[in-house]
Amino acid sequence: MQRKEILFVDGYNMIGAWPELSHLQRHDEIQAARDLLLFELSGFSKYRDLDIIVVFDAQFVPGITKSYQEYDLTVVFTQEGETADSYIEREVQNYLNALTRVVVATSDAAEQWMIFQQGALRQSAKELQMDIEYTKQEIKQDVNQHYSSKLIRRTPWQINQLVHLEQLRKQIENDPQA
């Protein structure tokens, strides 16, 4: 049986640390920053087969306490006065077991230490952003491979003929006078 992986993300911590999201926040486009974060995490979640819980504290939306599904992610807005850190610390305990790997993405050093002491793994905002970018590249490669394999299957040429044609193309590219 494969271990399930849960990723808790401190939403506003990511927004403050990722340049594109931080730019939106500085221009009073916090909703656009949240939406873009959720969009980025959604593709990552699907490709990596992760359950992601994104937690936003009430600092920008006082009075709202809710949890809902969006882009196949669980999105949580904490109650007013509760930080995302305290919510994550409490909820991590509910998921820690031998069959579940729990990772918390935050760049808050105190939060990272608390999470690590509880038995969860930590990931900085920069590390998560790099993982997402790497995953995008993997997806692009998979799509190109899939497209190339479909193209080859539709051609009447044999593989050795295609290899020979590719060699001729490269030879012509390198020496156009030939």
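Laboratory data are not the source of any read-out in this text; all were calculated from the coordinates shown. These numbers come from a predicted model, not from an experiment. Methodologically, a virtual Cβ is constructed for each residue, glycine included, from the backbone with ideal geometry; neighbour enumeration extends over all protein chains shown.
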(request) Inspect the range 68-87 for any residue being under 21 Å from GLN2 (Cβ atoms) and loosely packed, with under 15 Cβ neighbours inside 10 Å and give the result as yes or no. (result) yes
(message) Given the criterion without any contact (Cβ under 8 Å) to a residue 40 or more places away in the chain, in contact with a helix residue (DSSP H, G or I) (Cβ under 7 Å, 6 or more places away or on another chain) and either outside any helix (DSSP H, G or I) or of a type in the set (Lys, Arg) (or both), identify the matching residue among ARG90, ARG34.
(response) ARG34
(request) Report yes if LEU21 is touching a helix residue (DSSP H, G or I) at 6+ places or on another chain (Cβ under 7 Å), surrounded by 14 or more Cβ atoms within 10 Å (Cβ to Cβ) and in a helix (DSSP H, G or I), otherwise no. (result) yes
(message) Can you find, within the range 37-56, the residue that is farthest from ILE139 (Cα to Cα) among those that are assigned to a helix (DSSP H, G or I) and aromatic (Phe, Trp, Tyr)?
(response) PHE39
(request) Being over 15 Å from GLN129 (Cα atoms) and among the charged types (D, E, K, R) is the filter here, so list the residues in the range 1-29 that pass it. (result) ARG3, LYS4, GLU5, ARG26, ASP28, GLU29
(request) Looking for whichever is closer than 24 Å to GLY43 by Cα and surrounded by 16 or more Cβ atoms within 10 Å (Cβ to Cβ) here; the options are GLN129, GLN137. Which one fits? (result) GLN129
